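Everything below concerns the one structure shown next.
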Amino acid sequence: MSQVKSRVKHTQKRWHDRRVAKRWRYRLAPDPRSRPPKGLPGLWMRLRRMLWSWWPWAVMFLAAMVLDRWYWATGLGLMAVFCYMIAPKESPPRYGLDHAFSVADKEFLPTMGGATGSWFVGGSRIEILNNGDEFYPAMLDAIEQAEVSINIEAYIYWDGHIGKRFADALADRARAGVTVKILLDAVGSTSIGEGILQALESGGCQVAWYNPIHWYTLGRYNHRTHRKSLVIDGDLAFTGGAGIADQWEGQAQDAAHWRDIQIRVEGPAVTPLQTGFADNWLLTTGELISGPQYYPPIDRTGPLVAQTIASSPEVGASTVRVMYYLSIVCARKSIFIANPYFVPDEAAVEALLDAKKRGVDVRVMVSGIHNDNWFARYNSVRLYGSLLEAGIEILEFNRTMLHQKTMVVDAHWATVGTTNFDNRSFAHNEENNVCVYDAAWAQRLHDIFLADVAGCERVTLDAWRNRGVFQKGAEIFASLVQDQI
């Protein structure tokens, strides 16, 4: 009995005694923060982030309650809740963005794999498909050849000619006994149309909605799936920038037909795309998908070493942001970025400026006058200044809406995927990218970038400095929501 009492007293003492001094509980030794950080926020950035922080609104809510200003209290309280819900769960790295090795060095692949949690694996075949006239027929043909399963995760599936073609093809395979599961974003695919949904349902396809908007899901409403993946029989997949909608048809010949790139993937690089779908399908429906119809043995017969990254804000860190930043700091010769919504944060801007200082040829291609996102367009233009002053080349694609999300580094490593170079993709969206470590393959994407330059207008520093007062005012207004686009 005395031994029991002694143990109880010892346990109580452990809870009451602070055995570790405060100075050790709140510091790192040695502290990496003793080094200069990348991308310290400026005054405007700090003020903007305070505006969208929940706590100032909560303080004003409490003050209004004390003063019996109930209408004000209601509005301020709702604003506090809204700001809390839209706050990013992830923040960019500011330390460790200096590396002594390049993309071509043997250290790069282990570091990229370890930092993202997705490893480079040999044996894949990956084909680049330019514009809808190349990738839609390939995708529809793959659907028609499906034997056991078809899984689609899509941010955009809209009503129209191409949407109906996909619906008919999917319904036909479902009637033939193929299991067809379609996961659509509840915001991005609201324009799918009743006719397409009826066609899918009549054929026996299973359609689920990712993160639908209900009062009990408001805490997650800002979290969307931006992925575009089609997985056939677990061993063939397509991904890239394109959704399922009419504007992606054609060859980007005019403003009504968008410029985009998809890739056709075979081999080990397919499995993580299937896993990403399976995770979100389980989250949405409660159904665990398993078995050889989804995860067959994969033949490693292709020539490419590839890495597939499925990024999610649910884990609290953006693996695609890490992928982008790490490849930039390891560049030694060239960085070619093609992205419609280029809104880099301070750390990314500084990483690009550092790359230019060490002699890297940095070129950024963005969607120009046909950009479909006003806020992204004006935020992007606002940030051109420091990049142009450093000699970084900015190219606005003005023939039509440029929508591909690609990057090529040193013509040796390249990535194609769904991720925009902005905070929404990094901090709020489900995304996926496929990275390839192969000089010949990367050179192909490098050459495609150079061919697209013909449709671009190069932005000059003088033109940027001389933009009008209205333009600058619009940019300041757009910057208020920079963290949400």
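The values are calculated or read from the model by the stated rules, or taken from the named source; none is laboratory data. Given the structure is predicted, the values throughout are model-derived calculations rather than measurements. Neighbour counts are summed over all protein chains in view; Cβ atoms, including those assigned to glycine, are modelled from backbone coordinates with ideal geometry.
See the values below:
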| quantity | calculated |
| --- | --- |
| THR275 vs. criteria free of Cβ contacts under 8 Å to residues at least 40 places away in the same chain and assigned to a helix (DSSP H, G or I) | yes |
| Condition met for LEU383 (in contact with a Gly (Cβ under 8 Å, 6 or more places away or on another chain) and within 26 Å of ILE309 (Cβ to Cβ)) | no |
| From PRO88, PRO56, residue being crowded, with 17+ Cβ neighbours inside 10 Å and either of a type in the set (Ser, Thr, Tyr) or closer than 18 Å to ASP483 by Cα (or both) | PRO88 |
| Selection count where residues are crowded, with 22+ Cβ neighbours inside 10 Å, touching an Asp or Glu at 6+ places or on another chain (Cβ under 8 Å) and within 19 Å of THR285 (Cβ to Cβ), scope region 198-248 | 4 |
| Scan of region 67-115 for residues that are at pLDDT 90 or above, among the β-branched types (Val, Ile, Thr) and assigned to a helix (DSSP H, G or I), ordered by number | THR74, THR111 |
| Filter pass, PRO292 being in contact (Cβ under 8 Å) with a residue 24 or more places away in the chain and either assigned by TED's automatic domain parsing to the domain that holds GLY240 or in a helix (DSSP H, G or I) (or both) | yes |
| Selection from region 136-152 of residues that are in a strand (DSSP E or B) and either over 20 Å from LEU197 (Cβ atoms) or free of Cβ contacts under 8 Å to residues at least 12 places away in the same chain (or both) | SER149 |
| Check on ASN379, of a type in the set (S, T, N, Q), surrounded by 22 or more Cβ atoms within 10 Å (Cβ to Cβ), farther than 24 Å from ILE86 by Cβ and in contact (Cβ under 8 Å) with a residue 24 or more places away in the chain | no |
| Residues within region 275-299 that are more than 17 Å from the chain's Cα centre (by Cα) and surrounded by 14 or more Cβ atoms within 10 Å (Cβ to Cβ), tallied | 11 |
| Scope region 118-139; condition within 24 Å of LEU402 (Cβ to Cβ) and not small (Gly, Ala, Ser); matching residues | ILE126, GLU127, ILE128, LEU129, ASN130, ASN131, ASP133, GLU134, PHE135, TYR136, PRO137, MET139 |
